[in-house]
Amino acid sequence: MNVRVVGDASVEATIRTAGGTTTDEGGDVVVAVGEEALRTAAIDESTDTPLIPVACDAPWSVSRNDLQSVIEAVLADELASVEHPVLSVRVGDEHVGRALFDVMLVTSEPARISAYSVADTRATATSSGDWHDLDTFRADGVVVATPLGSTGYARAAGGTVVGPDAGLAVVPVSPYATQTDSWVLQPPLRLRVEREEAPVSLVLDTGVATEVEPYEPVVVEFDQTVSLIFD
C-alpha cells in the first residue's frame, strides 16, 4: 500500500515500519498530520483518497503513538473508511468558501454582541419562503459544526457531539440569555445577522472569509464528503 504524508514527514518512518510504502504523489491512503494538513487535503486538494487524521487533538484523530497499529490494521483490511461531510457556504448569491469543521458568524470586535437568527427547511416552512425560522437570539455569535467540528469549539460552547450522518450542531456563542437552545439540524441552513449594531465576520474553520451585512442570508449546505479512517 502506498501512503502519502502531508503536514509532517517525520511519521514516514512509522509508516514504513508498519509495512507501508511512502510516496510523494498519489497514494492509496493519505496520512494528514495536524488539522490544517487535514483541511488542506480534504478541501483544497479535494482528494478522493481516504485520509488518516493524525495528531489533530480530537477524539476522531489517531495519535502518533497509535499510527503504526492503524497502518497495520489498514494493510490487513481491518478498518473501513467513514464518510464525513464538507460544507459549502453562500452569502447572498455568492459562494464564499467551504468548511470541514465549522462555520461561524461572530462579532468582529471583542466584547461586542449582536442578534442572530437560525432557519432550516422543513414541511412547515413559513410564508417567508422555504425557510422555517427556529430562533433569534443575542450573542457573541453562532457556530454551525460538522460531525468532525462538533467535538471542538461547538462542544466547548455547549453543543452536542454528532455522528457522521446525524446532521450539524448549531450553537449560540456566549448567548446573552441565560437559557438558549442549541440544535442538531439537517442542511441547508440559513444564518442571518438581525441587528445593525456591530460588524460581524463569517469564519470558515479558522479563517475569516468575509464580513456579513445585517439581514444578508448566509446559507450553509452539504457540498461533498471526505473519507476518513481512524481506529
Residues being in contact (Cβ under 8 Å) with a residue 40 or more places away in the chain and touching a Ser or Thr at 6+ places or on another chain (Cβ under 9 Å) - total across the stretch 151-160: 1
Check the stretch 84-97 and report whether any residue there is without any contact (Cβ under 8 Å) to a residue 24 or more places away in the chain and not assigned by TED's automatic domain parsing to the domain that holds Pro217. no
Does Ser117 meet the test of being crowded, with 17+ Cβ neighbours inside 10 Å, in contact with a Ser or Thr (Cβ under 7 Å, 6 or more places away or on another chain) and assigned by TED's automatic domain parsing to the domain that holds Tyr215? yes
Across the stretch 183-231, which residue is nearest to the chain's Cα centre (by Cα) among those that are among the aromatic types (Phe, Trp, Tyr) and in a loop (DSSP other than H, G, I, E, B)? Phe230
Among the residues of the stretch 36-59, what is the count of those that are of a type in the set (Ser, Thr, Tyr) and under 14 Å from the mean Cα position of the chain (by Cα)? 1
Considering the stretch 83-114, residues that are of a type in the set (A, V, I, L, M, F, W, C) and modelled with pLDDT under 95, and then whichever is farthest from Glu197 (Cα to Cα), we arrive at Ala111
Residue set Val143, Val74, Val62, Val106; condition under 15 Å from the mean Cα position of the chain (by Cα) and among the aliphatic types (A, V, I, L, M); output residue Val143
Can you name the residue in the stretch 175-194 that is over 23 Å from His95 (Cα atoms) and in contact (Cβ under 8 Å) with a residue 60 or more places away in the chain and is also surrounded by the fewest Cβ atoms within 10 Å (Cβ to Cβ) among such residues? Tyr176
Could you tell me whether the stretch 49-72 includes any residue that is crowded, with 20+ Cβ neighbours inside 10 Å, touching a helix residue (DSSP H, G or I) at 6+ places or on another chain (Cβ under 8 Å), outside the structural domain of Gly26 (by TED's automatic domain parsing) and not hydroxyl-bearing (Ser, Thr, Tyr)? no
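The values are calculated or read from the model by the stated rules, or taken from the named source; none is laboratory data. Note that the coordinates shown come from a computational prediction; the quantities given were computed from them, not determined experimentally. Because the Cβ atoms are built from the backbone with ideal geometry, glycine has one as well, and the counts that use them run over all protein chains shown.
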